[in-house]
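Have a look at the structure below before the remarks.
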Amino acid sequence: MRSNARRAYALLRRSWKTLILFELLFRFFSTYLVFPACRWLFNSCLRITGFNCLTADNLLRILSNPVMIACFAVILLLFSLCTIIEISCLITCLHSSEVDSTLGIFQLIFEGLRDSIRLLHPQNLPLLLVTALLIPITQLPTSTSPLRLINLPWKSLADYALQFPYILLIIAYLAGGLLFFACAMCIYHCYVLEDLSASKALSGAVRLNRGRRISRLIRLATLMAITCTVVFGGSALILRGLGRLIPCFTDDLNLQYRIRLPFDALFSFIKSSVPPMISYACISAVYYEGKRALKEPLPGQALPYRKNAAHFNAIVFYIAITVAALCVLLYDTVLRPALVRFDALEYVMDSPTLVIAHRGYFTDSDENTLSAFQSAIELGVDYVELDVQQTADGVVIVNHDSTFRRVFGSSRKVWEATYDEVRALSAPNSGECPPTLYEVLTLCDPQANLLIELKSNGHNPNLAQAVYDILEEYQCLDRCIIQSTSYRMLSDFKALAPDVRCGYILSFALGQYASLPAADFFSIDASFISEDVVTAIHRTGKDLYAWTVNDEALMRKMQSLGVDGIITDDAPLAKATLLSLNSSPLDELITGQLEEALSSPEGEAENPSEP
């Protein structure tokens, strides 16, 4: 392991400047050319097919559409070819270091393009397919890869992936990837350096690894684990330290952002570029070790040596660094203000974020019950969120899941149970049964604002009409807003009550979703929300609510991004957090002294000078 590490280090030391230059150019290429082209193609295909946007609501229909299938195939092909360009250039640069020569940066890029185009030959299509399958493993960890630039709720997707049975599929997929690396770790070296076809490169890689596959794989995995720990862990610690240090010198949030921006850009580049450079340096060391063990000569330099290549690369390197620094500066001073339609700090201060109690406040009660709703109302939340669906006999009741198992202990489907059967259920803490929408409107505070979610389970096609009739009968349309994961159901309700605000619930979305006419606001998974998402929605004059936000750090992040409402299970924490963020220095001076006096033991409050 030490010999491999020393050899990999030597390769990196001799070629680090060219490697960094290539990675810098490649990140610009993938970020500002490849992904915008893929996004344009994707949005164009959505418009052609009439979908306009991709959401969880229409995902299956999009995946079965021939035009969209072709679109996904082209995008995956572009991602694969980009991956081959990076792999080829890294391998070629490291090999030029091994044979003691230097390639010009444009020679290097030309070689990567040649190897990428060669992959389209029919005999090399198996390697293209393997590359496509390995993209999630090789690119997801890097923050600026084209795959990560797709704005998806990666945290939520990871949570879903860890659930049974998806975790078994993930394990099988990773096991297949490890098996491939163990058997053919050097396949790309054989393909790039020896100009072999896919089948011959595979046999050559298997021959090089024969007898020492497991030990080499363990060594590589160990080195990469150490690298990722140092790179990602060190970056996180430094950025966290800066996050705590900078506010000590200035309270101006915009100035804090400007100071952090260069560090964020630098460490983002480091986390994206250093792991692939080190990994291919280690695999190159394995390749050369295998060649030496088999007593085979190393392949020669693929392109002719240029005498002034090192000097030329150095000039381009410093030019690229200067341009990157100017881009960071221009982004903050010119581009970002032009792209954002409002001053974020001013918007946050002038537009207080709503607190929405998710299924009521049920710390000592049960969710979606009258006592939970009343507790939330007594806390003074802005809205109480609840879920409605219909029983077998058409009664609109409040329940989140498709069954009553989780809260009320019954596995009966909601649409299979009659209203009388629902009344017989009992929650463990409060002893209540699922309430009807009528009971919520009449038994809870008549001034309370309600956010009513229309559950789309495929068994209540008339739910929009039924809810509208109830709200109209009891004249509650003015204090209720509606949301749903089904855009069709939302459109049905909007047609009945054009003046009632309706919201579309999204876990993720791509395309022109912000312009959907039936949606007055969007209720979006917090892990999907970014500055771009907030800007896109606010640009259309619509609001954005984040769900489900239960910890203080995430609440502060959502408020700083400018979301209009936070849907939370912890309403007291949300109110306290948002109050502290929106308070003025005078508020803090007065309330701070008052809270200190009230919390002091008797007698201590009379002598404030004592500690």
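The values are calculated or read from the model by the stated rules, or taken from the named source; none is laboratory data. Remember, it's a predicted structure, so these values are computed and weren't measured experimentally. Methodologically, a virtual Cβ is constructed for each residue, glycine included, from the backbone with ideal geometry; neighbour enumeration extends over all protein chains shown. Accessible surface is based on the protein model in full, side chains and every heavy atom, while ligands, DNA and RNA are left aside. Shrake-Rupley method; radii C 1.70, N 1.55, O 1.52, S 1.80 Å.
Listing for the model above:
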read-out	value
Pick from segment 203-221, criterion within 35 Å of the chain's Cα centre (by Cα) and buried (at least 20 other Cβ atoms within 10 Å of the Cβ), ranking: nearest to S116 (Cα to Cα)	L220
Residues of segment 444-467 that turn out to be open to solvent by 40 Å² or more (accessible area, probe 1.4 Å) and over 34 Å from the mean Cα position of the chain (by Cα), as a count	5
Those strands (runs of 3 or more DSSP E) lying entirely in segment 507-548 with at least 1 residues within 19 Å of K494 (Cα to Cα)	521-525, 543-547
Members of segment 545-559 that are among the aliphatic types (A, V, I, L, M) and either crowded, with 24+ Cβ neighbours inside 10 Å or within 15 Å of S523 (Cα to Cα) (or both)	A546, V549, M555, M558
Total residues in segment 385-426, condition within 36 Å of the chain's Cα centre (by Cα), closer than 19 Å to G360 by Cα and part of a loop (DSSP other than H, G, I, E, B)	4
Conditions (1) free of Cβ contacts under 8 Å to residues at least 40 places away in the same chain; (2) within 28 Å of A8 (Cβ to Cβ); (3) touching a Leu at 6+ places or on another chain (Cβ under 7 Å): number failed by A175	(3)
Options I246, I238; residue that is of a type in the set (V, I, T), part of a helix (DSSP H, G or I) and open to solvent by 40 Å² or more (accessible area, probe 1.4 Å)	I238
Residues of segment 58-89 satisfying the condition of being open to solvent by 70 Å² or more (accessible area, probe 1.4 Å) and either free of Cβ contacts under 8 Å to residues at least 40 places away in the same chain or not in a helix (DSSP H, G or I) (or both)	L60, R61, L63, S64, P66, I69
Test for F528: is it in contact (Cβ under 8 Å) with a residue 40 or more places away in the chain, crowded, with 19+ Cβ neighbours inside 10 Å and at negative phi	yes
Hits in segment 171-202 (condition: of a type in the set (S, T, N, Q) and surrounded by 15 or more Cβ atoms within 10 Å (Cβ to Cβ))	S197
